[in-house]
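Let me begin by presenting the structure, written as structure tokens, before commenting on it.
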Amino acid sequence: MRDSKLDILFEPLEMANLTLKNRFFMAPMGTTFDMDQLTDYLIARAKGETGLITTPEISVHRSGRAGMPKELCLETDNDIKTISAMVKAVQKAGSRIVAQLNHAGRYSFGKLLGQQPVAPSSIISKYTGETPRELSTQETDDLIIAFAEAAVRAREAGFDGIEILASSGYLISQFLSPLTNKREDKYGGDTLQRAAFLFSVLREVRKNVGNDLNICVKFDADDGMKGGKTLEDSLLIAPHIVEAGADRLHVWAGWHEAMRPMLPMSVPRGAFSYLAAAVKGVVNVPVSTVGRINDPFVAAGILERGEADLIGLGRTLLADADFVKKTMEGRPREIRRCTACCYCFDQIMLAIHEGDRKAALKCSVNPELGREGQQLVQAASQKKHVVVIGGGPAGMEAARVSAIRGHRVTLYEKDNRLGGMLNLAFVPPHKEELKNIIDYYACQMEILPVEVRLSESLALERLKEIKPDVVVLAAGARELMPDIPGIESKKVVTALEVLDGSASVQGDVIVVGGGMIGIETAEFLSDQEKKVTLIEMLKAVAADVGPTSRWGLVSRVRKKVDIFTRTRVVEIVEDGVAVLDQDNNRREISGDTVVIATGLAGRGELTATLDQTGIPYFMIGSCREPGQIVEAVDDGFTVGCRI
């Protein structure tokens, strides 16, 4: 039975030209999918009871393409047919759908366009590294018509509405900002004058589509840029946006190049609902909020407090297409929650900025993302007894999929709890969201026919007695210890020992190794009032952390920890460590405890034991090769589908 606190999420929302069955909408997100993939992907979220789907951005003019692989367009009438089948399919699956219309302006890449990008003013873009050409007044007038014509095409394609993208640093938000709009014509000037382009777009769109098509505007209430558009500016502009024709406002929190975290797990859940609340106070149309909402109770609280009328789910729906359905049916424990690891966004940026056409939108915890139409999990033709050794994410995903397919599954975990190394991964500051993965799999192990044997190692003789048909070896990785003099000193501990609480950390601390484990352990110790020095032999720390999360992590840790790069520890001495810098100069750094965080290694030696049994086996996850969570989960899924 659903908790009554969640009932507010399922109250219909009625607007003059659009009624939604609940208070959830899928926020617009770029993908790397072709049209068939995109259609299947959106259908899955519609079947998951999402009330409203917003498409990825759709280009209104060739000069403003954002550079997404397989980017959607409504630039000409020929584009209508390409999109209309997708629209009908989503509607048939149970959701309303709106088209997000965009011109990227100075966020377009000249190298992809084959021409210089255009913008309100000729000011270099930090996002692309390119300097755009300033639009003439006539060209600006023409782009207003382009937005209106694209809106008409959206209506002809069958969309229930449109969303005009005026946020995140794209063209319309460039007109709104004093940083990027230095114009002296009718589209420049004070706060309201800089909004003239947006107002003109809205009026022209409304004039061309009539009153039956729902129009939403997505804008940054505060663009997060020093000297940019402020919340005060937005509260002045918002009523005029409504007056110009908007039926709904979608409030976001900043540009792509804003120097404040908006996406990583260090950002609190529901962090930006206060912006929507402020805007809601000055308009009389529904206001949507979005950003770091991965918990239905957080969503319900936002509505209950009157901060917004609609809840946007972005990466949350990448992780679990059935988030809304599970919430509606009173099954929130079964939700596979987004961890805000930003792996998805990193892949999109890789595709755009690096031009890597092999980069694909992926989710760390949902291996079926982008493959929804392939129906990869099928009933097994022959039921087998599957023994999984290891209760980390790879092992539990293999157990989950194998059980769904009808196999008899027994999972052995040597510790007294599930999770494997994830139990240590969520210990450092701002990593708490990783516990979502353990909670999800623990629930799956309960509701699926998986026999879980905790605190039980599986010896060779016992395995021979059980005689399973297949073994999945997911026993995790081991820590690498560098071969340096003094490594056996009592002052030396490992990062994993620090995180699991088994190590005694005394006095000043030196952390050897500045990868993800090392820098996170350094921050963990610093927050315990320890003086910490971090030593890394490469030119940069956190090189194995994705770029979306890395800059915030490194800038935060630099304020707490002394960091030495291009520095190699050559000996552990009585008072600390001896190091060589990049010029081969030797010096000593003092410290009372030395924490080793120099990486992990696979467990290839375990295969010799399994080879003796003659039982077919698969080695997966960090046991096979240490990597990221996405690789462990994908390994488990792939093997679960193969058995």
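Within 21 Å of the chain's Cα centre (by Cα), in a loop (DSSP other than H, G, I, E, B) and more than 28 Å from Thr19 (Cβ to Cβ) - does that describe any residue in the range 229-251?
We begin by selecting, within the range 229-251, every residue within 21 Å of the chain's Cα centre (by Cα); these are 250-251.
With in a loop (DSSP other than H, G, I, E, B) added as a condition, the list becomes none.
Scanning the range 229-251, I find no residue that is within 21 Å of the chain's Cα centre (by Cα), in a loop (DSSP other than H, G, I, E, B) and more than 28 Å from Thr19 (Cβ to Cβ), so the answer is no.
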Practice task
Sort out which residues of the range 417-471 are at pLDDT below 95, charged (D, E, K, R) and touching a helix residue (DSSP H, G or I) at 6+ places or on another chain (Cβ under 7 Å), and write them in order of number.
Solution key: none
Handout entry: Selection within the range 314-358 - aliphatic (A, V, I, L, M) and open to solvent by less than 40 Å² (accessible area, probe 1.4 Å)
Key = Leu317, Leu318, Ala319, Ala321, Val324, Ile335, Ala340, Ile348, Met349, Ala351, Ile352
Exercise for the section: Please specify each residue of the range 599-613 satisfying the condition of being touching a Phe, Trp or Tyr at 6+ places or on another chain (Cβ under 9 Å) and polar (S, T, N, Q). Expected result: Thr607
Fill in the blank from the handout: Cβ pairs under 8 Å, 6+ apart or interchain, first in the range 165-177 and without any contact (Cβ under 8 Å) to a residue 60 or more places away in the chain, second surrounded by 24 or more Cβ atoms within 10 Å (Cβ to Cβ) and polar (S, T, N, Q), ordered by first then second residue, are Ala166/Ser173
Handout entry: the range 1-45, subset touching a strand residue (DSSP E or B) at 6+ places or on another chain (Cβ under 6 Å) and assigned to a helix (DSSP H, G or I), residue farthest from Leu171 (Cα to Cα)
Key = Arg45
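When the range 1-27 is examined, which residues are found to be of a type in the set (A, V, I, L, M), under 23 Å from Val217 (Cα atoms) and either open to solvent by less than 50 Å² (accessible area, probe 1.4 Å) or at pLDDT 95 or above (or both)? It would help to see each step written out before you state the result.
Kept after step one, since they are of a type in the set (A, V, I, L, M), are these residues of the range 1-27: 1, 6, 8-9, 13, 15-16, 18, 20, 26-27.
Now restrict to residues that are under 23 Å from Val217 (Cα atoms): 9, 13, 15-16, 18, 20, 26-27.
Hits for the range 1-27 are Leu9, Leu13, Met15, Leu18, Leu20, Met26, Ala27.
Inspect all residues belonging to the range 259-275 and state whether any of them is among the β-branched types (Val, Ile, Thr) and surrounded by 24 or more Cβ atoms within 10 Å (Cβ to Cβ). Give the derivation first.
Of the range 259-275, the ones among the β-branched types (Val, Ile, Thr) are 267.
Filter again for surrounded by 24 or more Cβ atoms within 10 Å (Cβ to Cβ), leaving none.
Looking for residues that are among the β-branched types (Val, Ile, Thr) and surrounded by 24 or more Cβ atoms within 10 Å (Cβ to Cβ), one finds none in the range 259-275, hence no.
Out of Arg417, Arg408, report the one residue that is surrounded by fewer than 17 Cβ atoms within 10 Å (Cβ to Cβ) and without any contact (Cβ under 8 Å) to a residue 40 or more places away in the chain. Reasoning before the result, please.
Values: Arg408 fails: without any contact (Cβ under 8 Å) to a residue 40 or more places away in the chain.
Answer to the selection: Arg417.
When the range 75-119 is examined, which residues are found to be part of a loop (DSSP other than H, G, I, E, B) and buried (at least 18 other Cβ atoms within 10 Å of the Cβ)? Steps first, answer last, please.
Let us first name the residues in the range 75-119 that are part of a loop (DSSP other than H, G, I, E, B), namely 75-77, 93-95, 103-104, 108-109, 114-117.
Scanning the range 75-119 gives Glu75, Ala93, Ser95, His103, Ala104, Ser108, Phe109, Pro117.
How about the range 517-636: which strands (runs of 3 or more DSSP E) wholly inside it have at least 2 residues that are over 25 Å from Ser266 (Cβ atoms), modelled with pLDDT of 95 or more and under 32 Å from the mean Cα position of the chain (by Cα)? Spell out how you get there, then give the answer.
Working: elements: 532-535, 562-564, 568-573, 576-580, 586-590, 593-596, 617-619.
Filter on the range 517-636 gives 617-619.
Looking at Thr191, Thr180, can you tell me which residue is within 31 Å of the chain's Cα centre (by Cα) and touching a residue at least 40 places away in the same chain (Cβ under 8 Å)? Outline the logic, then answer.
Working: Thr191 fails: within 31 Å of the chain's Cα centre (by Cα).
Of Thr191, Thr180, the one residue that is within 31 Å of the chain's Cα centre (by Cα) and touching a residue at least 40 places away in the same chain (Cβ under 8 Å) is Thr180.
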Fill in the blank from the handout: Across (1) over 19 Å from Gly30 (Cβ atoms); (2) touching a strand residue (DSSP E or B) at 6+ places or on another chain (Cβ under 6 Å), Ala300 clears everything bar (2)
Completion exercise
Checked pairs for the range 522-539, first touching a residue at least 40 places away in the same chain (Cβ under 8 Å) and over 13 Å from Pro429 (Cα atoms), second of a type in the set (Asp, Glu) and outside any helix (DSSP H, G or I), C-beta under 6 Å and 6 or more apart or across chains, list as Thr533/Asp562
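With respect to Ile58, is the statement that it is more than 22 Å from Leu313 (Cα to Cα) and surrounded by 23 or more Cβ atoms within 10 Å (Cβ to Cβ) true? First the steps, then the outcome.
On the way: more than 22 Å from Leu313 (Cα to Cα): no; surrounded by 23 or more Cβ atoms within 10 Å (Cβ to Cβ): yes.
Answer is no for this residue.
Within the range 28-55, track down each residue that is aliphatic (A, V, I, L, M), open to solvent by 10 Å² or more (accessible area, probe 1.4 Å) and within 20 Å of Ile164 (Cβ to Cβ).
At the first step, the residues of the range 28-55 found to be aliphatic (A, V, I, L, M) are 29, 35, 38, 42-44, 46, 52-53.
Going one step further and asking which of them are open to solvent by 10 Å² or more (accessible area, probe 1.4 Å), we end up with 29, 35, 43-44.
Result: Met29, single match.
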Completion exercise
By residue number, the members of the range 241-261 that are hydrophobic (A, V, I, L, M, F, W, C) and modelled with pLDDT of 95 or more are Ile241, Val242, Ala244, Ala246, Leu249, Val251, Trp252, Ala253, Trp255
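When you scan the range 426-505 for strands (runs of 3 or more DSSP E) that lie fully inside it, which ones turn up with 1 or more residues that are touching a residue at least 40 places away in the same chain (Cβ under 8 Å) and more than 27 Å from Lys560 (Cβ to Cβ)?
Values: elements: 450-454, 470-473, 492-494.
Qualifying strands (runs of 3 or more DSSP E): 450-454, 470-473.
For the range 590-612, how many residues are among the hydroxyl-bearing types (Ser, Thr, Tyr) and touching a helix residue (DSSP H, G or I) at 6+ places or on another chain (Cβ under 6 Å)? Outline the logic, then answer.
Residues of the range 590-612 among the hydroxyl-bearing types (Ser, Thr, Tyr): 590, 593, 598, 607, 609.
Within this subset, residues satisfying the condition of being touching a helix residue (DSSP H, G or I) at 6+ places or on another chain (Cβ under 6 Å) are 609.
Of the residues in the range 590-612, 1 are among the hydroxyl-bearing types (Ser, Thr, Tyr) and touching a helix residue (DSSP H, G or I) at 6+ places or on another chain (Cβ under 6 Å).
The values are calculated or read from the model by the stated rules, or taken from the named source; none is laboratory data. All figures in this text were calculated on a predicted structure; none of them were measured in a lab. Reconstructed Cβ throughout: ideal geometry from the backbone, glycine too, with neighbour counts over all protein chains shown. With ligands, DNA and RNA removed, areas are computed over all heavy atoms of the protein, side chains included. Shrake-Rupley method; radii C 1.70, N 1.55, O 1.52, S 1.80 Å.
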